[in-house]
Amino acid sequence: METLKIVAVSAGLGRPSSTRLLADRLAGAVRARLAGERAVEVRVVELRDLAVDIANNLVTGFPGAALREAVEAVAGADGLIAVTPIFTASYSGLFKSFFDVIENTALTGKPVLVAATGGTARHSLALEHALRPLFAYLRAVVVPTAVYAASEDWGSAGDAGADGLAARIDRAAEELAALVAGRSAPAPQPSDPFDAVVPFEQQLAALRP
């Protein structure tokens, strides 16, 4: 059987970078969930190293060798992890520019996990109003759980617990691994009886004598 290819795109600008750290943790979690089924190859694409090539491609229309190879890796991946820092309530310009140079059909049907980092939890909605629409436009299949890591999430308190960063990473990784492997992700168990929504038709049927 062919090796499954997971590519994580990190748009972090610093070294070290919390964006790269989140990309590594997500990639490792996805690898762990797929390792028992198929051989898994994980690659992280650092956009920081491709910034000049991306700018030149936008101006000239021709990618350099390193950018062309990165684009081919993303297009050929079985699953994609896309992680960006949040600047001014949206993804970074470097992140957007990289996906601008990819053919708009290259991600059609591809499983994608979106994630972001930021200084405050107030920016977490950028995952829903910026990243998810971007990949929907590219016709990718975005997993339900998006992962946002604020500064406080990297401490022991923010990383632990049912809603901590580690739990969110595990849930998102399981969803991406399920799509990549072609299996159904386990349905979440409602913690409250009011979380279980009964279809209206079923409620009507229960009232009939």
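The values are calculated or read from the model by the stated rules, or taken from the named source; none is laboratory data. What you see is a predicted model, and the numbers here were worked out from it, not measured in a lab. Note: ideal-geometry Cβ built from the backbone for every residue, glycine included; neighbour counts use all protein chains shown. Protein only, heavy atoms only, side chains kept; ligands, DNA and RNA dropped before computing areas. Shrake-Rupley method; radii C 1.70, N 1.55, O 1.52, S 1.80 Å.
Observations on the model:
- Gain upon complete extension [ALA167, VAL52; 0.36 nm per residue less C-alpha separation]: 37.8 nm
- Accessible area (Å², per residue) of region 23-179, counting only protein heavy atoms and a probe of 1.4 Å: 44
- Fraction of accessible area attributable to carbon and sulfur, region 1-149 (%, probe 1.4 Å): 54
- Sites GLU103 and ALA39 - FRET efficiency at Förster radius 30 Å, r taken between beta-carbons, to 0.05: 0.60
- Radius 11 Å from Cβ of PRO144, net charge of other residues (Lys, Arg +1; Asp, Glu -1): 0
- Charge tally for ILE169 (other residues, Cβ to Cβ under 13 Å; Lys, Arg +1; Asp, Glu -1): -2.
- Annotation: average projected area of region 1-113 is 7.6 square nanometres, based on the convex hull of Cα atoms across all directions.
- Relative packing of 55-63, 83-91, 123-131, which averages over residues the other C-beta atoms within 10 Å, highest first: 83-91, 123-131, 55-63
- Per the Debye formula on identical point scatterers at the alpha carbon atoms of region 73-170, with no solvent, log10 I(q)/I(0) at q = 0.17 Å⁻¹ is -0.75.
- Remark: region 67-175 carries a charge dipole of roughly 320 debye about the Cα centre, counting +1 on each Lys and Arg Cβ and -1 on each Asp and Glu Cβ.
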